[in-house]
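**Student:** Would you mind keeping the following structure in view while I ask a few things?
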Amino acid sequence: MKRSLSVLAVLVAASAAGAGWYLHGKQPVRDGQAALPGLQSVVDVRYDERGVPHISAQNETDMYRALGYVQAQDRLFQMEMLRRLARGELAEVLGPKLIDTDRLFRTLRLRQRAASYVAHQDTNSPSWKALQAYLDGVNAFQDSHPRPLEFDVLGIPKRPFTAEDTVAVSGYLAYSFAVALRTEPLLTYVRDTLGADYLKVFDLEWHPQGVLQSTPLASSDWHDLGTIAQLSEQALASAGLPQYEGSNAWVVSGSHTRSGKPLLAGDPHIRFAAPSVWYEAQLSAPGFELYGHHQALVPFAMLGHNQQFGWSLTMFQNDDMDLVAEKVNPANPEQVWYHGQWVDLTHEEQNIAVKGQAPVKLVLRSSPHGPIINDALGQTAGKTPIAMWWAFLQTDNPLLDAFYQLDRADTLDKARAAAQKIQAPGLNVVWANAKGDIAWWAAAQLPVRPQGVNPNFILDGSTPAADKGAFYPFGENPQEENPARGYIVSANFQPLPANGRPVPGYYNLADRGQRLNQLLSDSSVKWDLQNSQALQLDTTTAYGPRTLAPLLPALREAAANEQEKALVEQLAAWKGDFPLDSVAATLFSQFLYQVAYGAMHDEMGDTYFPLLLTTRTIDTALPRLAADADSPWWDDRSTPAKESRADIVKAAWQASLRHLRETLGQNPENWQWGKAHTLTHVHPLGMQKPLDRVFNVGPFDAPGGHEVPNNLSSPIGPAPWAVTYGPSTRRLVDFADPTHALGINPVGQSGVLFDAHYADQAKAYVEGQYQPEHFTDEEVEANSKGLLRLQPTRH
């Protein structure tokens, strides 16, 4: 027995040693020397205490090649998964369950758009040369190092990263902005199956022009559209990869700051994941220096600052995608009516590689309006082809040039010119410089739609209503430069156009922007880094109290005993804030879901009701529904009686209490927000148990909530709530001292499991802490934890 135990101990020790050796070989190297082919000169990379690389090169080409190398060693698996998602190649490594996702993304034509885009690039432009150097660096790392752990687990082969991959990934990011695919089917379903009275809660004008009239949809078509909309949402939610959701950014002129110089704040709201979306890096070469936040496979910072200028981004949320129902030729199902004649649909065949089984054939069709999205469903699609017009596929969209120039835009003119090149997706660029200028540009090419056409609904392809004449000039986009008020706020609300022409879009409610504006407009406050932190971490808006106000009389009637009456009065006194210890926040969130379910599920059903909860339209609908006692939504169609608002409120109240008691305990004092509202950063492999325990980071009790400045948001639903998106970083730059900017990464710099920087900022992030973004040579050296010297290879 002793001998057997000794042998077993030796085997365990050997296995542990082998595992340790294996995992050690996967870890990033942040100290020492490494050869990097293609370098002209030595590049020094200093790593600070958070694992942020500070890259010092003798020329820009070396600088971008080094960035690709160091980013790859921290984020190679993220790069691989993003390109596979965008190109529709996930099933090849994840198996048959990803076939539908691959079908969807191939239907979007991102692969074809990427190939066409690259074929027309000026290969001598600075941005193209920078991209090629960056990709060379990525590939040099991949070629010279062991595969990441995830590659081994999934059997992913190494293959070079290309410019087509970069463009396809930018298409995925643009697609995550485009909510029309998930919203237009829903709104058209409400209009055509329930009627115009049911649309009032969505605050949409009733415009019959340009929407489906002569091409009514069959029940199979509605099923298709609901399935596609659900697939669109699931593909974004289940990939464990970044998805843009909203953002805050503001800039305050020197007249309103303590330092007398502009102050820039920004926190783009993106779906949480491990690793996080942003890769921080300071880049320097003769004539260039920038502390930037980079995305996978993109060499240019999308957020950044230096001593002269800086900027942040929010989603414009303009509607740059239209769905078009085509009229089919009864004599030929492969023809549709367009501009007075029958025209052929074009066809393309592709094969989707699937792990463990034979490839799946996919036939992609297009009409003159764009790709037919029904093809995402394969052979089960209904009879009416639905085409997708998407600005990303229809514009020149020189995004590489745009961000190359924005990284160097130290004057108003340069920044404006760079913003003008951002055509799709729509972005708000909020910018400032040390000279005192502040500005905002809503950057996108906005299509000219026919007069009277409402793009909230599916359009009729047999009429001119679906046509796009051209694009409006950039000068007519919403924008401001050095406004008299002394500050600019961008928070995804509908912008006021200078020329009076509304810009169609799926905007967030104004509550978050109004809260920021309310505080920034206080002339008695001089803004600095300290009180700006408090503003970014604010957890209050008026949304909850204004939604509750018209329901309080019915709630007071519904309270059955003294305990319930006390809870109702807690809600009545609630200020709309979401700190960790709030019981009212928990109660409101559960009650809001129950009201939505009680009022709307019977009309929308199991397909469209869950979809409704994922769209921005529900945020608009619920306060308007609460305020309208005569809304037809209040009647429960599943009963013979006609229910009133008071009936639904009473049932929702009782259901809320029952669910919270079952979920969080009988004592309402235990219904604290932090116990019910948690944040977990999910890795793509962490979507499966038991790998979630290894790869995921969290859960953490999370303050904040939906549509408050600290927008740690979860979908409307029953408790407990898992935070899905929120500030992907929080940045603050005072241009009186831009070398001491503050920021935070929600998880950590590294995507390599067991690395020290895999999750070292996660706890600090959720607690609202900030970290210094080291900039000067002296501070970088003082905080250096490693020096990696990249050497040219000798021939």
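The values are calculated or read from the model by the stated rules, or taken from the named source; none is laboratory data. Note that the structure is predicted; figures quoted are calculated from it, not measured. In this analysis, Cβ positions are derived from the backbone assuming ideal geometry, glycine residues included, and neighbour counts consider all displayed protein chains.
**Student:** Filtering the stretch 442-460 down to residues that are assigned to a strand (DSSP E or B) and either touching a His at 6+ places or on another chain (Cβ under 9 Å) or crowded, with 24+ Cβ neighbours inside 10 Å (or both), which residue is modelled with the lowest pLDDT?
**Tutor:** Residue satisfying both the conditions and the ranking: Leu459.
**Student:** Okay, next question. For Arg449, all conditions in the list (1) closer than 15 Å to Pro502 by Cα; (2) free of Cβ contacts under 8 Å to residues at least 40 places away in the same chain hold save one; what is the number of the exception?
**Tutor:** Among (1) closer than 15 Å to Pro502 by Cα; (2) free of Cβ contacts under 8 Å to residues at least 40 places away in the same chain, Arg449 violates only (2).
**Student:** Output the number of residues of the stretch 110-166 satisfying the condition of being more than 25 Å from Tyr758 (Cβ to Cβ), aromatic (Phe, Trp, Tyr) and surrounded by 19 or more Cβ atoms within 10 Å (Cβ to Cβ).
**Tutor:** Summing the residues that are more than 25 Å from Tyr758 (Cβ to Cβ), aromatic (Phe, Trp, Tyr) and surrounded by 19 or more Cβ atoms within 10 Å (Cβ to Cβ) in the stretch 110-166 gives 1.
**Student:** Follow-up. Looking at the stretch 286-303, is at least one residue under 28 Å from Asp522 (Cα atoms) and modelled with pLDDT of 95 or more?
**Tutor:** Within the stretch 286-303, one or more residues are under 28 Å from Asp522 (Cα atoms) and modelled with pLDDT of 95 or more.
**Student:** Is it the case that some residue within the stretch 127-139 is closer than 30 Å to Ile228 by Cβ and of a type outside the set (Val, Ile, Thr)?
**Tutor:** Within the stretch 127-139, none of the residues are closer than 30 Å to Ile228 by Cβ and of a type outside the set (Val, Ile, Thr).
**Student:** Which numbered condition trips up Lys129, out of (1) out of contact with any helix residue (DSSP H, G or I) (no Cβ under 6 Å at 6 or more places or on another chain); (2) basic (Lys, Arg); (3) in a helix (DSSP H, G or I); (4) farther than 19 Å from His294 by Cα?
**Tutor:** The one condition Lys129 does not meet is (4).
**Student:** I would also like to ask the following. Being touching a residue at least 60 places away in the same chain (Cβ under 8 Å) and farther than 29 Å from Ile458 by Cα is the requirement here; does Ala415 meet it?
**Tutor:** Considered against the rule, which asks whether it is touching a residue at least 60 places away in the same chain (Cβ under 8 Å) and farther than 29 Å from Ile458 by Cα, Ala415 comes out as yes.
**Student:** Return yes when Ala432 is at pLDDT 95 or above and either touching a Ser or Thr at 6+ places or on another chain (Cβ under 9 Å) or over 14 Å from Pro504 (Cα atoms) (or both) and no when it is not.
**Tutor:** When the stated conditions are applied, Ala432 passes them.
**Student:** Identify, from the list Ala9, Ala86, the residue that is under 35 Å from the mean Cα position of the chain (by Cα), modelled with pLDDT under 95 and not in a strand (DSSP E or B).
**Tutor:** Going through Ala9, Ala86 in turn, just one is under 35 Å from the mean Cα position of the chain (by Cα), modelled with pLDDT under 95 and not in a strand (DSSP E or B): Ala86.
**Student:** Here is a follow-up. Out of curiosity, is Gly748 in a loop (DSSP other than H, G, I, E, B), among the small types (Gly, Ala, Ser) and either surrounded by fewer than 24 Cβ atoms within 10 Å (Cβ to Cβ) or at pLDDT below 95 (or both)?
**Tutor:** no
**Student:** Looking at (1) under 25 Å from the mean Cα position of the chain (by Cα); (2) crowded, with 23+ Cβ neighbours inside 10 Å, find the lone condition where Asp100 falls short.
**Tutor:** Here Asp100 clears every test but (2).
**Student:** Condition check: closer than 26 Å to Thr547 by Cα, of a type in the set (A, V, I, L, M, F, W, C) and free of Cβ contacts under 8 Å to residues at least 60 places away in the same chain. Does Leu516 satisfy that?
**Tutor:** Values: closer than 26 Å to Thr547 by Cα: yes; of a type in the set (A, V, I, L, M, F, W, C): yes; free of Cβ contacts under 8 Å to residues at least 60 places away in the same chain: no.
Criteria not met by Leu516.
**Student:** Now, a different point. Answer yes or no as to whether Asn482 is over 17 Å from Ala432 (Cβ atoms) and polar (S, T, N, Q).
**Tutor:** no
**Student:** Would you be able to tell me the number of residues in the stretch 770-790 that are part of a strand (DSSP E or B) and out of contact with any His (no Cβ under 8 Å at 6 or more places or on another chain)?
**Tutor:** Adding up the residues that qualify gives 6.
**Student:** How many residues are among the acidic types (Asp, Glu) and in contact (Cβ under 8 Å) with a residue 12 or more places away in the chain when one looks only at the stretch 569-599?
**Tutor:** Residues meeting the conditions: 2.
**Student:** When Leu496 is evaluated against the numbered criteria (1) surrounded by fewer than 19 Cβ atoms within 10 Å (Cβ to Cβ); (2) within 20 Å of Trp250 (Cβ to Cβ); (3) modelled with pLDDT of 95 or more, which criterion, by number, is the only one it fails?
**Tutor:** If we test Leu496 against (1) surrounded by fewer than 19 Cβ atoms within 10 Å (Cβ to Cβ); (2) within 20 Å of Trp250 (Cβ to Cβ); (3) modelled with pLDDT of 95 or more, just (3) comes out false.
**Student:** Please state which one of Thr793, Thr739, Thr729 is outside any strand (DSSP E or B) and either buried (at least 18 other Cβ atoms within 10 Å of the Cβ) or on the phi > 0 side of the Ramachandran plot (or both).
**Tutor:** On the way: Thr793 fails: either buried (at least 18 other Cβ atoms within 10 Å of the Cβ) or on the phi > 0 side of the Ramachandran plot (or both); Thr739 fails: either buried (at least 18 other Cβ atoms within 10 Å of the Cβ) or on the phi > 0 side of the Ramachandran plot (or both).
Only one candidate qualifies: Thr729.
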